[in-house]
Amino acid sequence: MEIWLRQGGNAVRIPVLPPSYSITSNQINKVVNINALGEINLIGNRGLTEISFSSIFPFAYQSYCEYFPISTPKEYIDSIEAMKLSGDIRLTITETSINMMVTIENFQYGEEDGSGDISYNLEFKEYILPNTAEVTRNEKLDTSRETPQANETVSYLVKEGDCLSAVAKKLTGKSDWKPLYEQNKDTIGNNPNLIHAGMTLLISGARKGI
């Protein structure tokens, strides 16, 4: 078995195989409370897989190393830190089904016994490239739901202190009062400045939800 970390043209082969590795397969379920039924568990989408293992970077080659020559502990650490900062990498564990894009979520290391060997723990999380086209489409859908559409005809009851420009702004989002006046000239009369409380004005092209 071999463990490889690859990113672009860079590759790190783990020099000493860990005694074990851990895989966490997550599921995004949701618990909801429904009257008369109590709590129910709704099955959601698959979550991101998490993988972790611990081993050592030996100070010098030992019989338990997977290959020769090996790099120094500092060289391994520097390479993995650079990969961690650069983004997603490919994690491959041969003779298993693990061959996936991941990010390095946690990299802990330190010397314990003065031998120069560095003990470490690596934690990875599956990385899935976002579908930018789908995200953009969803954002547009959200925007269309939030942005009022100008395709309704509504009536408006004039209140004390109203003026045509304020009413136009409220109904259409624009302060241009002339279209409002033209549509209600018979009600308002010849002077657009003379509107009074109790008048009912109609306007087409008003924003939805008014």
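The values are calculated or read from the model by the stated rules, or taken from the named source; none is laboratory data. From a predicted model like this one, the values you see are computed outputs, not experimental measurements. Note that each Cβ is placed from the backbone with ideal geometry, even for glycine, and that neighbours are counted across all protein chains shown.
What about T72, is it β-branched (V, I, T) and under 27 Å from I28 (Cβ atoms)? Judged against the criteria, T72 is not a match.
Is there a residue in segment 68-78 that is modelled with pLDDT under 90, surrounded by 14 or more Cβ atoms within 10 Å (Cβ to Cβ) and either assigned to a loop (DSSP other than H, G, I, E, B) or touching a helix residue (DSSP H, G or I) at 6+ places or on another chain (Cβ under 8 Å) (or both)? Looking through segment 68-78, none of the residues is modelled with pLDDT under 90, surrounded by 14 or more Cβ atoms within 10 Å (Cβ to Cβ) and either assigned to a loop (DSSP other than H, G, I, E, B) or touching a helix residue (DSSP H, G or I) at 6+ places or on another chain (Cβ under 8 Å) (or both).
Within segment 33-43, is there a residue that is without any contact (Cβ under 8 Å) to a residue 40 or more places away in the chain and within 23 Å of the chain's Cα centre (by Cα)? Steps first, answer last, please.
Of all residues in segment 33-43, those without any contact (Cβ under 8 Å) to a residue 40 or more places away in the chain come to 33-43.
This time we only want the ones that are within 23 Å of the chain's Cα centre (by Cα), so: 42-43.
Among the residues of segment 33-43, at least one is without any contact (Cβ under 8 Å) to a residue 40 or more places away in the chain and within 23 Å of the chain's Cα centre (by Cα), which makes the answer yes.
Sort out which residues of segment 104-130 are exposed (fewer than 15 other Cβ atoms within 10 Å of the Cβ), closer than 22 Å to P58 by Cα and either among the aromatic types (F, W, Y) or in contact (Cβ under 8 Å) with a residue 60 or more places away in the chain (or both), and write them in order of number. First the steps, then the outcome.
Of segment 104-130, the ones exposed (fewer than 15 other Cβ atoms within 10 Å of the Cβ) are 105-106, 108, 110-116, 121, 128-130.
Cutting the leftovers down to closer than 22 Å to P58 by Cα gives us 106, 108, 110-116, 121.
Result: N121, single match.
If you go through segment 192-210 and keep only what is modelled with pLDDT under 80, surrounded by 10 or more Cβ atoms within 10 Å (Cβ to Cβ) and not hydroxyl-bearing (S, T, Y), you end up with G205, A206, R207, K208, I210.
Residues of segment 79-100 that are more than 13 Å from V12 (Cβ to Cβ) and loosely packed, with under 15 Cβ neighbours inside 10 Å: L85, G87, T94, E95, T96, S97, N99. How many residues, within segment 81-106, are under 20 Å from I70 (Cα atoms) and either in a strand (DSSP E or B) or not charged (D, E, K, R) (or both)? Result for segment 81-106: 6. Of the residues that sit in segment 118-130 and are at pLDDT below 95 and either β-branched (V, I, T) or outside any strand (DSSP E or B) (or both), which one is nearest to S55 (Cα to Cα)? For segment 118-130, the residue satisfying everything is Y127.
State yes or no: is I28 under 25 Å from the mean Cα position of the chain (by Cα) and surrounded by 10 or more Cβ atoms within 10 Å (Cβ to Cβ)? Outline the logic, then answer.
On the way: under 25 Å from the mean Cα position of the chain (by Cα): yes; surrounded by 10 or more Cβ atoms within 10 Å (Cβ to Cβ): yes.
So I28 fits the description; yes.
Within segment 3-25, the set of residues being in contact with a Phe, Trp or Tyr (Cβ under 9 Å, 6 or more places away or on another chain) and loosely packed, with under 15 Cβ neighbours inside 10 Å comprises A11, P19, S20, S22. Counting only residues that are polar (S, T, N, Q) and modelled with pLDDT of 95 or more, segment 79-93 holds 2 of them.
Looking only at residues in segment 168-191 that are in a loop (DSSP other than H, G, I, E, B) and under 48 Å from the mean Cα position of the chain (by Cα), which one is surrounded by the most Cβ atoms within 10 Å (Cβ to Cβ)?
Initial filter on segment 168-191 (in a loop (DSSP other than H, G, I, E, B)): 173-177, 184, 189-191.
If we keep only those that are under 48 Å from the mean Cα position of the chain (by Cα) as well, we get 173-177.
Numbers: G173: 13, K174: 14, S175: 12, D176: 12, W177: 19.
Of everything passing the filter in segment 168-191, W177 is surrounded by the most Cβ atoms within 10 Å (Cβ to Cβ).
Of all positions in segment 44-57, at least one carries a residue that is of a type outside the set (G, A, S), farther than 17 Å from Y109 by Cα, out of contact with any Phe, Trp or Tyr (no Cβ under 7 Å at 6 or more places or on another chain) and loosely packed, with under 10 Cβ neighbours inside 10 Å.
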